[in-house]
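The structure appears right after this line, and notes come after that.
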Amino acid sequence: MKTPITVKPNAKRSGVEEAGGAIVVFVKSAPIDGKANSEVVRLLARYFRVPQSSVIIRRGGKGRQKLAEIVGK
């Protein structure tokens with residue numbers, strides 16, 4: 001399953017919200033050295049109840065708009 005997501009870095013809290021069919025991921029981490037992307041993968045894995053190895057960021061590695069693929073969903 002491929003799904004577009006929007007990432008909000010430097011948020012006060014971490015979490016995943018679904019608003020109007022769009023997925024928004026709030027991460028506490030700053031977008032430095034891939035820390036925010038690692039947190040995005042961890043949060044999406046928990047949200048979709050899959051292992052972290054099943055979450056792949058296909059596009060948008062350095063931007064706020066990303067395309068994530070959830071393998072096995």
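On the stretch given as region 1-14, residues that are touching a helix residue (DSSP H, G or I) at 6+ places or on another chain (Cβ under 9 Å), over 15 Å from Arg64 (Cα atoms) and in a strand (DSSP E or B) total 0. The set of residues in region 25-66 that are open to solvent by 60 Å² or more (accessible area, probe 1.4 Å) and part of a loop (DSSP other than H, G, I, E, B) comprises Lys28, Pro31, Ile32, Asp33, Arg49, Pro51, Lys62, Arg64. In this structure, Val71 does not qualify as of a type outside the set (Gly, Ala, Ser) and within 10 Å of the chain's Cα centre (by Cα).
Can you find, within region 12-24, the residue that is least open to solvent (accessible area, probe 1.4 Å) among those that are out of contact with any Ser or Thr (no Cβ under 7 Å at 6 or more places or on another chain) and within 16 Å of Arg46 (Cβ to Cβ)? Checking each candidate, the answer is Gly15.
The values are calculated or read from the model by the stated rules, or taken from the named source; none is laboratory data. Keep in mind the model is a prediction, meaning the values are calculated, not measured. When we count neighbours, we look across all protein chains shown, and the Cβ atoms used for this are built from the backbone with ideal geometry, even at glycine. Note: accessible area is taken over every heavy atom of the protein model, side chains too, but ligands, DNA and RNA are not part of it. Shrake-Rupley method; radii C 1.70, N 1.55, O 1.52, S 1.80 Å.
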